Amino acid sequence: EPVRFVERIEFEVYNRWGKKVFERNNDIRINWAGNVLNTVEDVAGSSLPAGTYYYVAKVRFFQLDASNAEKVYKGWVQIMK
């Protein structure tokens with residue numbers, strides 16, 4: 001089923017020390033499985049350890065009013081194993 005009214009999502013995940021451990025800009029469904037992506041120290045695709053992570057999702061909507069088209073959502077996610 002298509003996602004309606006969403007043009008683009010920029011999704012980032014940070015560990016508790018503020019290091020970016022994941023980012024994706026090309027998937028409006030996010031589809032994050034708690035893995036590492038695009039980092040230098042970690043092997044891409046490896047699982048993150050259990051813990052609390054902070055996320056930022058910048059969502060751009062299809063709207064006639066461009067000044068109100070982008071919203072930022074922030075929060076915490078807990079990975080349990």
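The values are calculated or read from the model by the stated rules, or taken from the named source; none is laboratory data. Worth saying up front: this structure is predicted, and the values here are computed from it rather than measured. Heads up, the Cβs are rebuilt from the backbone with ideal geometry, glycines too, and the neighbour counts pull from every protein chain shown.
List the pairs whose first member sits in the range 63-74 and is under 13 Å from VAL6 (Cα atoms), whose second member is outside any loop (DSSP other than H, G, I, E, B) and among the aromatic types (Phe, Trp, Tyr), and whose Cβ atoms are under 7 Å apart, counting only residues at least 6 apart or on separate chains?
ALA69/PHE61
Residues are listed down the side, and each one gets a yes or a no for (1) modelled with pLDDT of 90 or more; (2) closer than 15 Å to ILE79 by Cβ:
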residue	(1), (2)
GLU10	yes, no
TYR14	yes, yes
GLY18	yes, no
ILE28	no, no
ASN31	no, no
LEU37	no, yes
ALA44	no, no
SER47	no, yes
GLY51	yes, yes
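Could you list, in sequence order, the residues of the range 1-23 that are surrounded by 14 or more Cβ atoms within 10 Å (Cβ to Cβ) and closer than 15 Å to ARG60 by Cβ?
Those that are surrounded by 14 or more Cβ atoms within 10 Å (Cβ to Cβ) and closer than 15 Å to ARG60 by Cβ: ARG8, ILE9, GLU10, PHE11, GLU12.
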